[in-house]
Amino acid sequence: MRILFLQQQPCVRALKYAAALRSAFPKIRLGFAYQGKTLSGWYGSGDELFERWWDLGSEPIKELRRAREEFRPDLIHSHNLPDSLTAIALELFAGRVPIVHDVHDLQSLRRTPYENGFPEPPDALALERLAIEECSSLVTVSDELLEEIRGRYHPKAPALIFPNYALGRDLPPLLPPAERRDGHPPRLVYQGTLSTNGGHYDLREIFRSIVAEGVSLDVYPSRAVPAYAELAVELHGLRAHRTLPPSRLLAALPAYDFGWAGFNSTLNGAHLDTCLPNKAYEYVGCGLPVVTLRHRALARLFGDGQLGLSLATLDDLVGQLTTVNMVELRSRVAAVRLELTMESNIHRLAELYEVVAG
């Protein structure tokens, strides 16, 4: 089968899909049509997973038509945001090439721009409706996101819920033993995107509140943001590390007690309620229970105390975290961590491909 990935700025979800597909199905053939940087240009690796790359440039209609003629895909797997390239693919190939629309984010839930280096398209909500209602199949990252979609639109195609699982090949093969830390405050770690724009990744006030409670927090940014290095100088208990390559980052995470996945809901609370971010599954893959706030999808996955905690408040944070039986909690996480990987679930996406491609 030939699969053409389509995305304005290729992202880590696409990289993980491709790595798992190539591992499980060596004969599958993958191409990528894009407009921004390639995966290797953005993350340092990933281009090698695809036979060929087509830069759509400033003429995506012309170049996407050429990519289809040269690669002859059995289906197109298009990733948002934005939804504009799915709309172009539908205009060009509807009825001839099946188009899987992968909804990473729902534009209508956001109050801040999607920051991928491109201006937002005009008529973004009309494009969202078109992509969702006319695609051959729909993929979403959570039950909550699919629920929001069905509350707004009338998708006719089959749907698959496929979270942002960790890539098993990158996880540490062994974990340190689960131990009690009697008399020592819990150690939290945050890894991933940071911002200063007031959006959901603007975590400065949350970080202030965490360390004010006497909990140490180490931060590994996916890209350097000077304001957080300055904040770490100001705040005792906050340590800002330099950006690490994925293998070194995931090797470092098991030394901590909890992974932090609580975000700033001031502007994008509705969006956050549908998110199961990459970092949550990477924490679990590294043996860490996840601590989140009352974001609906994350609270469903981690709020029952089996794999983590969902907090209503940061008050008495040390008390909330130290009442947990860490040995039992980390043992439960370790027992399921390899089940929550791309490799363990990629067969579900491949089955959808088979159905859609006929």
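The values are calculated or read from the model by the stated rules, or taken from the named source; none is laboratory data. On a predicted model such as this, the values are computed, not experimentally measured, just so you know. When we count neighbours, we look across all protein chains shown, and the Cβ atoms used for this are built from the backbone with ideal geometry, even at glycine. To get the accessible areas, we keep the full protein, side chains included, count just its heavy atoms, and leave off ligands, DNA and RNA. Shrake-Rupley method; radii C 1.70, N 1.55, O 1.52, S 1.80 Å.
Some notes on this structure:
- Residues of the range 228-254 with amide N under 12 Å of a point placed 7 Å along Cα→Cβ from Glu328: none
- Shown here: Rg and Dmax of the Cα atoms in Å, derived from the displayed model; of the candidates [x] 20.6, 65; [y] 19.4, 59; [z] 22.9, 74, it corresponds to [x].
- Share of carbon and sulfur in the accessible heavy-atom surface of the range 23-167 [1.4 Å probe, %]: 48
- Extents of the range 63-189, largest first, come to 63, 35, 31 Å (Cα atoms, principal axes, whole angstrom).
- Net length available on complete extension from Glu59 to His184 is 39.2 nm, with 0.36 nm assigned per residue and the Cα-Cα distance removed.
- Rolling a 1.4 Å probe over the protein heavy atoms of the range 201-358, with every protein chain left in place, gives an accessible area that is 54 percent carbon and sulfur.
- Once both labels are positioned 7 Å from their Cα atoms along Cα-to-Cβ, the gap between Ser45 and Glu230 label points is 3.5 nm.
- The label point for Arg294 and the one for Ile28, both projected 7 Å from the Cα toward the Cβ, are 4.0 nm apart.
- Scanning residues 5 or more positions from Val139 or on other chains, those with amide H under 5 Å from its amide H are His101, Asp102, Val103, Leu160, with H placed 1.01 Å from N in the peptide plane.
- The alpha-carbon of Lys16 sits under 19 angstrom from the alpha-carbons of these aspartates and glutamates, leaving out residues fewer than 8 places away in its chain: Asp47, Glu48, Glu51, Asp102, Asp105, Asp170, Glu282, Glu339, Glu343, Glu351.
- What separates the Cα centres of the range 334-358 and the range 53-85 is a distance of 24 Å.
- With each label modelled as a point 7 angstrom along the Cα→C-beta vector, the Val336-Leu244 pair spans 2.5 nm.
- In the chain, excluding the sites themselves, the longest stretch lacking any of the GluC sites (Glu not before Pro) that are in a DSSP loop with at most 14 other Cβ atoms within 10 Å is 180-338.
- Total charge dipole magnitude, the chain, about the Cα centre, Cβ charges on Lys, Arg, Asp, Glu only, Debye to nearest 20: 640
- Across the protein chains, with a 1.4 Å probe defining accessible surface, the residues Trp53, Trp42 rank Trp42, Trp53 from largest area downward.
- Mean separation of Cα contacts under 8 Å, 6 or more apart, over the residue count of the chain: relative contact order %: 16
- Accessible area per residue for the range 159-235 is 47 Å², calculated with a 1.4 Å probe on protein heavy atoms, without ligands, DNA or RNA.
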